[in-house]
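Reading through the structure tokens given below for one structure.
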Amino acid sequence: MTFQLLDQLWLPGDPAKPNEDFLAQDKGAALVMDGATPLGDSLMPGLSDAAWIAQFGARRLMAHLGQGDGARKALRGALTDAQKSFEALSRHPPEEMWQTPCASMMLAVPGDGSVEFLWFGDCAALLKQENAAVTVIGETFDKRAAEATRARAVAREKNLSPASGINRPEFIGALRAARNRINSGGNWLFSPDVQAASHVSRRVIKVAPGALLLLATDGFLALTSDYGVYNADSLIDAALSKGLAALGEELRAIEAGDTSGDKYPRFKKSDDATALLLKVV
């Protein structure tokens, strides 16, 4: 069983800034990664630590999978690579967790009659099989609802519009405090820490040929989780009928009509939005 690529989208939240999402796909695997927006100065060379971890992580995962590693072994290898690279190239060791590059991830690997999913954070996969409701893999919808509630609460406390910007001084303290809890308890992300491999979420689902699979970052899934334009079933149908580029335009039109975030509370006007539409063959 393999994947056939039908469509893809890699849309920056702000064309003037680095896209901190990344995607990768071949017939034997597909993944999306969403680097967590930096909350201070970068430690790594380049324009964005978040873009670095997303791109480096995706490429190393695909490389290990291409060498024949299984999904969990490939993940451990990619995390080891990230840890070594970060230790070698960072300007100085992070003093607090919020300084460490990290990313959400959704990885799908087809097998013999099934697809294995590994994920961190709020990326998700939607799986549609014949005569069945769409299966949602991941916790995006719950996590996005919690973030909207937090954005609304912090904005009210600081008397600001929710989408004023993630790096405003009024927001940064609360966001850094939340980021400091990453890689502890049940809140692990893809990061330069091989220990994360032991905390990845995993699910294996039986899949018949012809099934459709949509992998996406939370910025794209906001069409469902935040803006309510689609539900899980209709989103994958729209991706197939309209195309991902058209859905990206819908997404940005909604956000342009609510630049302050008063209707749809969020920490920035537009997030990077990435999606892969695949067919299982």
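Please verify whether the stretch 242-251 includes one or more residues that are in a strand (DSSP E or B) and either among the aliphatic types (A, V, I, L, M) or surrounded by fewer than 22 Cβ atoms within 10 Å (Cβ to Cβ) (or both). Reasoning before the result, please.
Pass one, the stretch 242-251, residues in a strand (DSSP E or B): none.
No, every residue in the stretch 242-251 fails to be in a strand (DSSP E or B) and either among the aliphatic types (A, V, I, L, M) or surrounded by fewer than 22 Cβ atoms within 10 Å (Cβ to Cβ) (or both).
Taking the condition assigned to a strand (DSSP E or B) and open to solvent by 60 Å² or more (accessible area, probe 1.4 Å), does Val204 pass? Don't jump to the end; show me each part of the working.
Details: assigned to a strand (DSSP E or B): yes; open to solvent by 60 Å² or more (accessible area, probe 1.4 Å): yes.
Judged against the criteria, Val204 is a match.
Checking Val194 against (1) closer than 30 Å to Leu247 by Cα; (2) touching a Leu at 6+ places or on another chain (Cβ under 6 Å); (3) at pLDDT 95 or above; (4) crowded, with 16+ Cβ neighbours inside 10 Å, only one condition comes out false. Which one?
Among (1) closer than 30 Å to Leu247 by Cα; (2) touching a Leu at 6+ places or on another chain (Cβ under 6 Å); (3) at pLDDT 95 or above; (4) crowded, with 16+ Cβ neighbours inside 10 Å, the lone unmet condition for Val194 is (1).
Please verify whether the stretch 110-120 includes one or more residues that are among the polar types (S, T, N, Q) and open to solvent by less than 30 Å² (accessible area, probe 1.4 Å). Step through it out loud before you land on a result.
Step one: of the stretch 110-120, the residues among the polar types (S, T, N, Q) are 114.
This time we only want the ones that are open to solvent by less than 30 Å² (accessible area, probe 1.4 Å), so: 114.
The answer is yes; a qualifying residue exists.
Pick from Ala78, Ala63, Ala71: which is within 22 Å of Asn19 (Cβ to Cβ) and in contact with a strand residue (DSSP E or B) (Cβ under 9 Å, 6 or more places away or on another chain)?
Values: Ala63 fails: in contact with a strand residue (DSSP E or B) (Cβ under 9 Å, 6 or more places away or on another chain); Ala71 fails: within 22 Å of Asn19 (Cβ to Cβ).
Of Ala78, Ala63, Ala71, the one residue that is within 22 Å of Asn19 (Cβ to Cβ) and in contact with a strand residue (DSSP E or B) (Cβ under 9 Å, 6 or more places away or on another chain) is Ala78.
Is it the case that the stretch 252-264 has a residue that's among the aliphatic types (A, V, I, L, M), in contact with a strand residue (DSSP E or B) (Cβ under 9 Å, 6 or more places away or on another chain) and more than 17 Å from Trp10 (Cα to Cα)?
Of the stretch 252-264, the ones among the aliphatic types (A, V, I, L, M) are 253-254, 256.
Now restrict to residues that are in contact with a strand residue (DSSP E or B) (Cβ under 9 Å, 6 or more places away or on another chain): none.
Within the stretch 252-264 (the criterion being among the aliphatic types (A, V, I, L, M), in contact with a strand residue (DSSP E or B) (Cβ under 9 Å, 6 or more places away or on another chain) and more than 17 Å from Trp10 (Cα to Cα)), the answer is no, since none of the residues qualifies.
Yes or no: the stretch 42-49 includes at least one residue that is touching a Phe, Trp or Tyr at 6+ places or on another chain (Cβ under 9 Å), open to solvent by 20 Å² or more (accessible area, probe 1.4 Å) and within 19 Å of Asp122 (Cα to Cα).
no
If I ask for residues that are among the aliphatic types (A, V, I, L, M), closer than 16 Å to Ala197 by Cβ and part of a helix (DSSP H, G or I), which ones from the stretch 23-57 would you list?
Here is the first cut: in the stretch 23-57, the ones among the aliphatic types (A, V, I, L, M) are 23-24, 29-33, 36, 39, 43-44, 47, 50-51, 53-54.
Then drop every residue that is not closer than 16 Å to Ala197 by Cβ, which leaves 31, 33, 53.
Scanning the stretch 23-57 gives a single hit, Ile53.
When the residues of the stretch 95-108 are filtered to those that are in a helix (DSSP H, G or I) and not aromatic (Phe, Trp, Tyr), which remaining residue is surrounded by the most Cβ atoms within 10 Å (Cβ to Cβ)?
Gln99
For the stretch 122-129, check the following and say yes or no: at least one residue is modelled with pLDDT of 95 or more, surrounded by fewer than 22 Cβ atoms within 10 Å (Cβ to Cβ) and in a helix (DSSP H, G or I).
The answer is no; no qualifying residue exists.
For the stretch 59-94, which positions are closer than 18 Å to Val115 by Cβ, crowded, with 23+ Cβ neighbours inside 10 Å and among the small types (Gly, Ala, Ser)?
Ala74 - this is the single residue of the stretch 59-94 that is closer than 18 Å to Val115 by Cβ, crowded, with 23+ Cβ neighbours inside 10 Å and among the small types (Gly, Ala, Ser).
Residues being closer than 26 Å to Asp112 by Cβ, open to solvent by 20 Å² or more (accessible area, probe 1.4 Å) and in contact with a Leu (Cβ under 7 Å, 6 or more places away or on another chain): count how many of those fall in the stretch 207-234.
So the count comes out to 1.
State the number of residues belonging to the stretch 134-151 that are modelled with pLDDT under 90 and either of a type outside the set (A, V, I, L, M, F, W, C) or touching a helix residue (DSSP H, G or I) at 6+ places or on another chain (Cβ under 9 Å) (or both).
Kept after step one, since they are modelled with pLDDT under 90, are these residues of the stretch 134-151: 139-151.
Subset that is either of a type outside the set (A, V, I, L, M, F, W, C) or touching a helix residue (DSSP H, G or I) at 6+ places or on another chain (Cβ under 9 Å) (or both): 139-145, 147-151.
Final tally of qualifying residues: 12.
Do we have Arg203 as over 22 Å from Ala108 (Cβ atoms) and of a type in the set (D, E, K, R) here? If you could, list the steps in order and put the result at the bottom.
Details: over 22 Å from Ala108 (Cβ atoms): no; of a type in the set (D, E, K, R): yes.
No.
Which of the residues that make up the stretch 58-70 are outside any helix (DSSP H, G or I) and at negative phi?
So the first thing to find is which residues in the stretch 58-70 are outside any helix (DSSP H, G or I), and the list is 67-70.
Gln67, Asp69, Gly70 - these are the residues of the stretch 58-70 that are outside any helix (DSSP H, G or I) and at negative phi.
The values are calculated or read from the model by the stated rules, or taken from the named source; none is laboratory data. This one's a predicted model, so the numbers in the text were calculated from it and none came from an experiment. Note that each Cβ is placed from the backbone with ideal geometry, even for glycine, and that neighbours are counted across all protein chains shown. When the accessible area is computed, the model is the full protein with side chains, heavy atoms only, and any ligands, DNA or RNA have been set aside. Shrake-Rupley method; radii C 1.70, N 1.55, O 1.52, S 1.80 Å.
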